1. For B:V296, only one of the following conditions fails: (1) within 14 Å of chain A (Cβ to nearest Cβ); (2) of a type in the set (A, V, I, L, M); (3) touching a His at 6+ places or on another chain (Cβ under 9 Å); (4) assigned to a strand (DSSP E or B). What is its number?
2. Given the structure, is B:V75 crowded, with 20+ Cβ neighbours inside 10 Å, modelled with pLDDT under 95, under 30 Å from B:A173 (Cα atoms) and of a type in the set (V, I, T)?
3. Looking at (1) more than 10 Å from chain A (Cβ to nearest Cβ); (2) in a loop (DSSP other than H, G, I, E, B); (3) more than 17 Å from B:E223 (Cα to Cα), can you tell me which one B:S329 breaks?
4. Right, A:A63: free of Cβ contacts under 8 Å to residues at least 12 places away in the same chain and either at negative phi or within 11 Å of chain B (Cβ to nearest Cβ) (or both) or not?
5. Residue by residue through region A:244-254, note down the ones that are more than 7 Å from chain B (Cβ to nearest Cβ) and either not in a strand (DSSP E or B) or not small (G, A, S) (or both).
6. Within region A:45-57, which residues are in contact (Cβ under 8 Å) with a residue 60 or more places away in the chain and within 14 Å of chain B (Cβ to nearest Cβ)?
7. Against the definition (crowded, with 22+ Cβ neighbours inside 10 Å and not assigned by TED's automatic domain parsing to the domain that holds B:S54), how does B:F327 come out, yes or no?
8. Show the residue pairs that are 6+ apart or on different chains and have beta-carbon atoms under 6 Å apart, the first residue being within region A:229-252 and within 25 Å of B:G300 (Cβ to Cβ), the second being part of a helix (DSSP H, G or I) and of a type in the set (D, E).
Amino acid sequence: MKIGIPRAFLYYKYHYLWESFFEELGIEYVVSPYTNREIYKQGTTYAIDEACLSSKIYLGHVAYLLPKCDYILVPRVFGYGEDGTVCTKFQAIYDVVNNTFRDQKIKILYYNINPKETANEFRAFLKMGKFLGKKKAAITRAYLIAKQNQKVNQMMDIRKQEQLLESNQLKILLVGHQYNVYDRFIGDPIIQTLKSLGVCPIIADLCDKKKAREASHEISETLPWAFNKELVGAIALYQSQVDGIILMSSFPCGPDSLVNEILIRRIKGIPILNLILDGQEGSAGLETRLESFIDIIKLKKEEKDGKL
Amino acid sequence: MENCKISFPRFGNYHIALEFLFTKGLGVEYVTPPPSTKRTLELGSKYSPDYVCSPFKYNLGNFIEAIENGANTLVQTGGVCRLGYYGELHEQILKDLGYHVKFINMSKADYQKPLTFYNEFKKINPNLSLKRISSALLAFLKMVASIDEIEDFVRQNVGFEVHNGEMEKLQDAYLEELKTCENKKDVDKITKKYKKKLKDVKVKKPKKLIRVGIIGEYYTIMEPFSNHFIEKELAKKGIVIYRWMNVTNSVLKYDGKKQKKVIKNYVKYYMGATSMATVYKAVEWAKEGFDGIIHVKSFGCTPEIDAMPVLQKISNDYKIPILYFSFDSQTSETGIQTRLEAFYDMIMMRKEQK
């Protein structure tokens, strides 16, 4: 049996966990490649026109994997309890995939995160492991190892970034959902452009999530979504250490449509650029916007340092 | 403190019931926002983020127009989709615009704990009497249910009036008279009277009735201006219009278990906000052999977008046509008309072929 893992959406949150879980259980899996134009195009043919760019890309990855494996991993998340809710997209994605690819007879490997159940993630993985024909002891062991692996790796990623904060380069905080920031098609062009301009991008997603969720209350009191709380909180944590902020969203992201507006109205004293990506724009427009944003920051910085 | 003049965004005909609840239950003045118009939407859009869903823009427009009419306290509800975050941004935008108003954000209340609502309301009127509010609440709920009941009747019959406009006139008079209610008994009496009057209106129905069901997102489906009065347009063509979605069915009589059972061949998990009701009614009406279904939503409404692949399967399996409408602040009237005409012609042709 071969499991297909779409390199989109929750992959970026859980890939350490998923990959080592399957490895420990000795289950073969394949991750779809980095998003490319072909995958994006596939996604747009399957998705509803109005759906957000990120979900179109997700469906593109599912379509890519469909002929290459037996099951496709599509987890479903209802929410994270006290940590926050999720965009309804994550509540619906299992059924969206199932209906969209019904005629292709898709087989989905899934698990469900529901905060109403205690130890919900472990239980969900137990169920999934049993479906894969594994014994309870083996699944438990695989989960614990995978969880440890996830924790260590995520901590290392955060450490690496902390070192970058020491650098003397111009630093820009890149605020966007993991599945957008790390996507080759959406976020990577921004990161690469920033680097080519001599700027050090700081990824808001790489932070202590618990601290960030708490810190988000300083900026917004009733923010419901866990992922947005983490990003908003990261701004509170990193703001004093960076020279500017880029908000990047995929069109027309529901939560971001409101949250970005709150941020623009409430975060003062630091330049903010609001980038909304719809997959249609050429790279030239993006580069121009980033260049002029960076130019302004450099100019202001030099003024402040008395060089002008 | 100056007198509290409270307002809540316009939403179908429920402002009548809300006015009752606030004046009789809470003992405060209620400012009904003027009916939504192009100006409401323009005002709201001007100060809203570009790609936010249009109910946000309408609500903001309503708030501004209510303030213009003297409101000094605004209430926004909580919700399970983006709606849950409307309040905080509305409050911020109004503040940035320089309006000095009190803002009651119900998303701060916890739906699991009714007492937290009481606490929010206490902010409006510190002398709140629990007895008074509970008796007003009963009448309020009855009023909501009655408004829905009358609307359902009109929707299914208005297309067949012998004398055009009679039902609409009666419905307007009914809503006007509801404003005189003091208690639940009054609501019952007035509703009974108008039910009879409506039944007495002369109608002429053809043998072969065309039945079309309307499904979709909470606000757009219930606020006629935001869906370009689509129900009225369809009814005028001699169609029986069905709409399940109203406050009675979605809140007062909500039955999630039943919905889940009906849709189990299509949907395994709750897909967010109104998407379950959307799929549920599509399945039921498809099974009942309706002639068509119309799906309405505001542009970018995620739960309803996610219901669409499911609707496409239902349409395929039961061979029932579904027309999809997505409304935003730039929707053109002629575009809607043309698509409605084409849909109507198509279902008429299918009817004749049967």
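The values are calculated or read from the model by the stated rules, or taken from the named source; none is laboratory data. Just so you know, these numbers come straight off a predicted model, no measurement behind them. Glycine also receives a Cβ, built like all others from the backbone with ideal geometry; neighbour counts cover every protein chain displayed.
1. Result: B:V296 passes all but (3).
2. yes
3. With respect to (1) more than 10 Å from chain A (Cβ to nearest Cβ); (2) in a loop (DSSP other than H, G, I, E, B); (3) more than 17 Å from B:E223 (Cα to Cα), B:S329 is out only on (3).
4. No: the conditions fail for A:A63.
5. Scanning region A:244-254 gives A:I245, A:I246, A:L247, A:M248, A:C253.
6. A:E50, A:C52, A:L53, A:S54, A:K56
7. yes
8. A:S249/A:D256
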